[in-house]
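Comments concern the structure below.
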């Protein structure tokens, strides 16, 4: 097994974390909006 320099590992982790956060936050916003629309239309149609 070849030694991988620590900076490459840390950079990879940082990039992965940023991408995961971006996709999570985008999905979270979309999911929240969809949930709000669903509740408004189906649970409180008169609101």
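Here, each number is a calculation from the coordinates, and none is a lab measurement. What you see is a predicted model, and the numbers here were worked out from it, not measured in a lab.
Points worth noting:
- Dividing the convex hull volume of the alpha carbon atoms of the chain by its residue count gives 67 Å³ per residue.
- Crossing angle, helix 6-38 versus the chain [Cα axis fit, 0-90 degrees, rounded to tens]: 0
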